[in-house]
Amino acid sequence: MPDIVDILNKEAFDELVKREEAVLAYFSHEECSVCKVLKPKIQTLLEMDFPKINMVYADTVKLPELAGQNRIFTVPSVLVFFGGKEFIRVSRNIGVSELGKQIKRPYDLMFGD
């Protein structure tokens, strides 16, 4: 599986979103059992269907400022950025196949796959 970058501060997150063409940010925290089950499934989805998307993990308890900046009020939450702009936002009840359908169109436009 591709590595997930752990975000350590707001500045690193902002820089990564600006620098990379495609980023999926996974917002969660250690106490969320649903989050722990969902995270590897999303990792696998990216590996199999969207390999050019970089996945990052942000702990909302350790980084409340980053969660607030991105209007994250519940976990798990997933934000997908293309070209530094937010394209997709899903929270709480996240279906992996539905997420894949939402990612496909902007991904194909961005990378021409």
Q: Run LEU66 past the list (1) of a type outside the set (D, E, K, R); (2) within 17 Å of ASP3 (Cβ to Cβ); (3) in contact with a strand residue (DSSP E or B) (Cβ under 6 Å, 6 or more places away or on another chain) and report the number of the one that doesn't hold.
A: (2)
Q. In segment 78-112, which residue that is touching a residue at least 60 places away in the same chain (Cβ under 8 Å) and outside any helix (DSSP H, G or I) is surrounded by the fewest Cβ atoms within 10 Å (Cβ to Cβ)?
A. GLY83
Q | Qualifying positions in segment 37-66 - more than 27 Å from ARG105 (Cα to Cα) and either in contact with a Cys (Cβ under 6 Å, 6 or more places away or on another chain) or not in a loop (DSSP other than H, G, I, E, B) (or both) | A | ASP59, PRO64, GLU65, LEU66
Q) Since VAL17 meets every condition but one in (1) more than 11 Å from the chain's Cα centre (by Cα); (2) touching a residue at least 60 places away in the same chain (Cβ under 8 Å), which condition does it not meet? A) (1)
Q) VAL75: outside any helix (DSSP H, G or I), touching a helix residue (DSSP H, G or I) at 6+ places or on another chain (Cβ under 8 Å) and surrounded by 18 or more Cβ atoms within 10 Å (Cβ to Cβ), yes or no? A) yes
Q) Within segment 28-45, how many residues are touching a residue at least 12 places away in the same chain (Cβ under 8 Å) and out of contact with any Lys or Arg (no Cβ under 9 Å at 6 or more places or on another chain)? A) 11
Q | Among residues of segment 61-92, those that are among the hydroxyl-bearing types (Ser, Thr, Tyr) and within 13 Å of the chain's Cα centre (by Cα), counted | A | 2
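Throughout, read-outs are computed from the coordinates displayed, never taken from laboratory work. What you see is a predicted model; the values in this text were computed from it and never measured. All Cβ positions, glycine included, derive from the backbone under ideal geometry; neighbour counts span all protein chains shown.
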